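The values are calculated or read from the model by the stated rules, or taken from the named source; none is laboratory data. From a predicted model like this one, the values you see are computed outputs, not experimental measurements. FYI the Cβ positions are ideal-geometry reconstructions off the backbone, even for glycines, and counts take in every protein chain you see.
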Amino acid sequence: MPFVIKRMLAPLLGISAWMLVSAVAMGQSSSGPVTVTESVNEQFSLLLADPRVQSALADIETNEPETLAEQVRLTEIPAPPFQEQRRAEYYLQQMHSRGLPDAYIDTEGNVIGIRRGSGDGPLFVIAAHLDTVFPLDTDVSVEVRDGRYYAPGISDDGRGLTALLTLISAINASGMETVGDIMFVGNVGEEGPGDLRGVKALFRDFPQIDGFVSIDGSGVTRITNGGTGSRRFAVEFTGPGGHSFSAFGLVSATHALGRAIAKIGDLQVPEQPRTTFTVGTVSGGTSVNSIAQDAMFELDMRSNDATELARLEARVRDVVQLAVDEENARWNADGGTEKGQITVNFRLIGDRPTGTTPPDHELVQVAALAFAAVGSPVQGMQTSSTDSNMPMSLGIPAITIGGGGSGGGAHSTEEWFDPTNAHLGPQLAFLLTLGLVGVQGLSAPQL
């Protein structure tokens, strides 16, 4: 019979293994409203009781100061989208030194290291993204103030990258052999214009992947099991252009753009499933005394539902074309083209698919048990835009978790990280990974 975890009795460390196994078996630990089957619970309990697991978890906590120092080093290597190479090369060195001598950088720029299992289990990927949102010339020096570490990218995804390295070290140091293969990935292109290019390449090259976890940012409170989809366009208007006085009467690219933005701004979208839009940037024109020949705005549309996202895009295309038609009609009343006309082009600049991993999937069940075991019960499930969008859209089970500690100011130059209880992040990743791939002679893989 399944049971629902209800409340956590105590953290993992400092409590004997048999007490922990008993607490989980009786359904007395809490990680939120996740129903766990007896078979998943049984295999996870075997992990918790193993002395090697207990020792590894204790070592992760002991080694947290070095983990934090590594986080600082990684953060201070700039890595904007499409310029992640320097950080990737450093990350590759770290994988090599932590026991993955065959790790390599693929053609997309991802850093990939594989730890082979017995050959009888799944291929599981656990990843963190290399890129940040900040331009190359941003000062990424880390500053400590009142116990917090401040720097652009210190949490997103400096913490995730570091937690992944600590996970590699912990698994290799434990000496445990897994049933499934573990692929550790520092991937490119999660942020903004990167458009998930790293994970898109990963699943193109490894269609046999059975499960995926992304460590993104800080915290150990929530499971992201849904992917918010997005469609992004550069909407480009083109016309004849001319002098503002002598050529007055020509159609204007910027006037058409203005009409279009006004119409988009009047669109109504549903609150549920959450659906949004914004015109983020506007550019165009030649000078104050010119009728604009070219103009462009960048449009971001998002939804938690693929159907709603497609419906919104269709409506946007309709109102933009209507705006163009109105601008052409305004200056060419007879419908002629002797004065030239405005044309519009939608150039796709971002496409993130929607998706979801069911909350009763074994991957989520193991995650819930791991959250509870480290003393940080799941506070809720959520939908967001992360690297997990891609595998979810392919029907491959995937979630995103945090890397421990806490943070704030994401995507700003005042981004910060608080290392209080930061060790819980790598501990969570350790238990989750072993639970999913299984340990030879101890537990069966749950993927």
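A few notes on this one:
- Which listed residue, of THR413, THR343, is surrounded by fewer than 19 Cβ atoms within 10 Å (Cβ to Cβ), in contact (Cβ under 8 Å) with a residue 40 or more places away in the chain and under 30 Å from GLY258 (Cβ atoms): THR343
- Some residue of the range 253-266 being touching a strand residue (DSSP E or B) at 6+ places or on another chain (Cβ under 8 Å) and not in a helix (DSSP H, G or I): no
- Test result for ALA314, buried (at least 21 other Cβ atoms within 10 Å of the Cβ) and either without any contact (Cβ under 8 Å) to a residue 60 or more places away in the chain or of a type in the set (Phe, Trp, Tyr) (or both): no
- Selection from the range 101-129 of residues that are within 20 Å of GLN83 (Cβ to Cβ) and free of Cβ contacts under 8 Å to residues at least 60 places away in the same chain: TYR104, ILE105
- Only one of LEU74, LEU47, LEU130 that is under 20 Å from ALA370 (Cα atoms) and touching a helix residue (DSSP H, G or I) at 6+ places or on another chain (Cβ under 8 Å): LEU47
- Failed criterion for PRO377 (all others in (1) at pLDDT 95 or above; (2) closer than 28 Å to PRO51 by Cβ hold): (1)
- The residue list PHE206, PHE184 contains one member that is in contact with a helix residue (DSSP H, G or I) (Cβ under 6 Å, 6 or more places away or on another chain) and of a type in the set (A, V, I, L, M, F, W, C), which is PHE184.
- The residue list GLY335, GLY395 contains one member that is surrounded by fewer than 15 Cβ atoms within 10 Å (Cβ to Cβ), in a loop (DSSP other than H, G, I, E, B) and modelled with pLDDT of 95 or more, which is GLY395.
- Filter result for the condition that a residue is in contact with an Asp or Glu (Cβ under 8 Å, 6 or more places away or on another chain), assigned by TED's automatic domain parsing to the domain that holds LEU57 and of a type in the set (A, V, I, L, M), over LEU196, LEU167, LEU161: LEU196
- Residue match in the range 422-438 (condition: modelled with pLDDT of 95 or more, part of a loop (DSSP other than H, G, I, E, B) and of a type in the set (Val, Ile, Thr)): no
- Unmet requirement for ALA234, which otherwise passes all of (1) assigned by TED's automatic domain parsing to the domain that holds GLY404; (2) among the small types (Gly, Ala, Ser); (3) in a strand (DSSP E or B); (4) in contact with an Asp or Glu (Cβ under 6 Å, 6 or more places away or on another chain): (1)
- Residues of the range 97-108 that turn out to be outside any loop (DSSP other than H, G, I, E, B) and either in contact with a strand residue (DSSP E or B) (Cβ under 8 Å, 6 or more places away or on another chain) or modelled with pLDDT under 95 (or both), as a count: 2
- Qualifying residues in the range 94-111 (those that are farther than 13 Å from ALA201 by Cβ and of a type outside the set (A, V, I, L, M, F, W, C)) - the one surrounded by the most Cβ atoms within 10 Å (Cβ to Cβ): GLN94
- Qualifying residue in the range 338-351 (condition: assigned to a strand (DSSP E or B), basic (Lys, Arg), touching a helix residue (DSSP H, G or I) at 6+ places or on another chain (Cβ under 8 Å) and at pLDDT 95 or above): no
- Screening GLN94 on (1) in a strand (DSSP E or B); (2) under 23 Å from LEU424 (Cα atoms) shows it passes everything except condition (1).
- Filter result (among the small types (Gly, Ala, Ser), in a loop (DSSP other than H, G, I, E, B) and crowded, with 19+ Cβ neighbours inside 10 Å) within the range 237-252: GLY239, SER252
- Under the condition of being modelled with pLDDT of 95 or more, farther than 18 Å from ILE399 by Cα and of a type in the set (A, V, I, L, M, F, W, C), the residues counted in the range 207-247 number 5.
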